[in-house]
Structures are given as structure tokens and as C-alpha cells.
Amino acid sequence: MRKGVIVAESINKIAHDRDVTRHAELVAICEAQATLGGTDLADCTIYTKMEPCAFCSYAIRESRIARVVFSLRSPIMGGASRWNILGDRTLSDSMPEIFAPPPVLVAELLGEEGDAALGKSAPIAWRILRARGLLATPSPHGAVVDPAHAGAVPRKRGSAGAPEWLMRMLRRNFFDRFGRGNAARRKSGPRAGNGVKPSP
């Protein structure tokens, strides 16, 4: 979601696409980047039923999503509960050109409702996850800002945030085009000399 507007949404497509990388969060991130025309999702919030796994959490950090909201904690696979990928400042301190500071993290928003929705949509998977301790029981107190992320603040633009603004411009105009996937080449299509023969 960006500025109150849903940019992309998805379900888990692993079974449908026969591809283990098609987690719902990753599919939504890909669709949001295509819709917005760039890799930087710094103005966005991602909402999920379950805490993003380590795989998805890394993609969230690299796409620079500012806020992560989820219903159910995942103490075994969670990118915040088990591995502190969502809160790791080493990523952003070491590579500020790529990673933003940790996102604001809101855990257990509508936890009971999320648990019920997961149980209804995927009852067998829900029972297995519960039986193996992969889902934490929702707190009766409702949503909380995760203590590890209490210091995270929404990223602002303007003169006070000039370094962040500058880094965003560099990412958009340099790193994304030349260092992270050749976005400019994708827009213009394949070129001769890159293993592709020109059209006759």
C-alpha cells in the first residue's frame, strides 16, 4: 500500500507456479515495483497474515519498504522473531546505497482474525503450522510496535532528510539502472552484442 492506495496484492503462488520463490510477499513486491516503475518502495507498507520469512524479509529490506504489518508471529521462520533481518542495522549501515534503515514493524494486527482467516483458507496447513509451533498464539492485547523496531521512524523527505533523498536519487538514476539488474536495458529491450541477434 502506498499513500492509502493498494499498489499490489497477492497470495502464495508456490503450488500454482511450481516455483519455491513465489511467496506472496515476493510476488506482491515484484508487482509493486512493476506498477511504480522502480525498485524503491520506500513510501510503501506491506501487510501480511504471517510474519515474513527470512527470504521475504531480505527482499523487504532491499526494496526499502518503510512499514511491515502482520497478524501472526512465526517464531521458527520469522524474519524478525527468529532472524533479525527486518531489524538489522548492519545492512543499512554497511550498504546505505541499497538498504534503508529498518522498517517500522507492527506485529499482531488483527491477530485473532488473521489466525481465523488462515485456518479457513488453508485448514490443513494451518493445523500443521500450529502443531509444529510455527505460529505463535495471537496476543489478546492486539497490535504492538515491535520493541526491536521502536526506534524506527517513517522516512521523511526535505532538507532535514537530504542524505536519504540524495541516496534515493542515486539509487533511481544510477544503481537501479547500472548496478542492480540493468533496468534501463530492460525498458529498451535486448541489444545486439548481449548474446541476442538483431532483428532482420
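The values are calculated or read from the model by the stated rules, or taken from the named source; none is laboratory data. In this text, all values refer to a predicted model and were calculated from it rather than measured experimentally. Quick reminder, even Gly has a Cβ in these numbers, built from the backbone with ideal geometry, and neighbours come from all protein chains shown. SASA here: full protein model, heavy atoms, side chains in, ligands and nucleic acids out. Shrake-Rupley method; radii C 1.70, N 1.55, O 1.52, S 1.80 Å.
Odds and ends about this structure:
- Taking amide H positions as modeled 1.01 Å from N, with prolines and chain starts lacking one, the residues under 5 Å from LEU72 and 5 or more places away or on another chain are MET50, GLU51, GLU108.
- Here each label is just a point 7 Å from Cα along the line to Cβ, and for ILE14 and ARG127 those points are 1.9 nm apart.
- Whole-Hz ³J(HN,Hα) from phi, Karplus 6.51 cos²θ - 1.76 cosθ + 1.60, for the stretch 106-120, glycine and proline x: 10, 9, 6, 6, 6, x, 5, 5, x, 5, 5, 5, 5, x, 7
- Carbon + sulfur, % of accessible area of the stretch 80-127 - ligands and nucleic acids excluded, 1.4 Å: 59
- Count Lys and Arg as plus one, Asp and Glu as minus one, and take only other residues whose Cβ is under 13 Å from that of ILE60; the net charge is then -2.
- Kirkwood-based Rg to Rh ratio, the stretch 1-149, C-alpha trace: 0.95
- Residues of the stretch 3-129: accessible area per residue with a 1.4 Å probe, Å²: 50
- Centre-to-centre, using Cα atoms only, the stretch 62-120 and the stretch 1-45 are separated by 15 Å.
- Cβ crowding within 10 Å averaged over residues, with 40-53, 106-119, 10-23 ranked highest first: 40-53, 106-119, 10-23
- Surface share of carbon and sulfur [accessible, 1.4 angstrom probe, percent] for the stretch 1-75: 57
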